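Everything on this sheet refers to the single structure shown next.
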Amino acid sequence: MLQVTLQDHDRLSKNDFLGQVTLNLNDIQPNVRTEKWYDLGESFHGNIKLQLKYDDTSHELAVTVKEAKDLIPIRANGVVDPYVKLYLLPDKKKASKQKTKAVKNSTRPTYNETLKYTLNPATDSQRVLQVSVWDNEGSFSHDPLGQCEIPLSVIMEEHSMSEWFALVRDD
């Protein structure tokens, strides 16, 4: 398998993820030029800056949601009231769910909110931190804007990381 990722090159900041496709190498003929269009599947829907810190002693994971940028409104009026929701997959239960406050009318919200989890290193290293951005349209309506997933094993190994993550969405 060959995975091809398309990114927008940025000189002053991290490149933006635009999409990706996985090709089966058995379908590619050696020394034969073939032109074909491929669907990139998930599409780019902005970026989110996270600061992730894992403490080996207390087994605490601190997720600081710094800010988001380039969020794409899905409402016709162009308004977006984004908030961020976290889950520790595969559990999408209330016990692992945490969320930030909504920021009114912003495609570049600043949060600076820290959400914490106590992890079990023996079992949680196989889990994934899902970070999703939602539009708070009111009491009962919430629409997904995009998401990213980070394996806990990477966070636990790095101990501390602060970076921009691309948000994607299955359309």
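The values are calculated or read from the model by the stated rules, or taken from the named source; none is laboratory data. Predicted, not measured: the structure shown is a model, and the values here were computed from it. Cβ coordinates were reconstructed from backbone atoms using ideal geometry, including for glycine residues, and neighbour counts include every protein chain displayed.
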For this session: Might you let me know whether the stretch 107-125 holds any residue that is modelled with pLDDT of 95 or more, farther than 12 Å from residue 63 by Cβ, touching a Leu at 6+ places or on another chain (Cβ under 9 Å) and not in a strand (DSSP E or B)?
Result: yes
Seminar exercise, completed: Those residues of the stretch 36-64 that are more than 22 Å from residue 125 (Cβ to Cβ) and assigned to a strand (DSSP E or B) come to a total of 7
Exercise. From the set of residues in the stretch 94-128 that are of a type outside the set (Val, Ile, Thr) and touching a Pro at 6+ places or on another chain (Cβ under 8 Å), which is nearest to residue 84 (Cα to Cα)?
Worked result: 102
Exercise. What is the one condition in (1) under 13 Å from the mean Cα position of the chain (by Cα); (2) modelled with pLDDT of 95 or more; (3) farther than 15 Å from residue 50 by Cβ; (4) not β-branched (Val, Ile, Thr) that residue 85 does not satisfy?
Worked result: (3)
For this session: Return yes when residue 77 is surrounded by fewer than 14 Cβ atoms within 10 Å (Cβ to Cβ), part of a loop (DSSP other than H, G, I, E, B) and either in contact with a helix residue (DSSP H, G or I) (Cβ under 6 Å, 6 or more places away or on another chain) or not small (Gly, Ala, Ser) (or both) and no when it is not.
Result: yes
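Quick one: how many residues across the stretch 83-127 are of a type in the set (Val, Ile, Thr) and either within 15 Å of residue 145 (Cβ to Cβ) or surrounded by 18 or more Cβ atoms within 10 Å (Cβ to Cβ) (or both)? Spell out the reasoning first.
Restricting attention to the stretch 83-127, the residues satisfying the condition of being of a type in the set (Val, Ile, Thr) are 84, 100, 103, 107, 110, 114, 118, 123.
From what's left, either within 15 Å of residue 145 (Cβ to Cβ) or surrounded by 18 or more Cβ atoms within 10 Å (Cβ to Cβ) (or both): 84, 100, 103, 107.
Residues meeting the conditions: 4.
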For this session: Keeping to the stretch 34-82, report how many residues are more than 20 Å from the chain's Cα centre (by Cα) and farther than 23 Å from residue 6 by Cα.
Result: 11
Exercise. Restricting to the stretch 123-155, what's the tally of residues that are more than 20 Å from residue 70 (Cα to Cα) and either among the hydroxyl-bearing types (Ser, Thr, Tyr) or in contact with a His (Cβ under 9 Å, 6 or more places away or on another chain) (or both)?
Worked result: 6
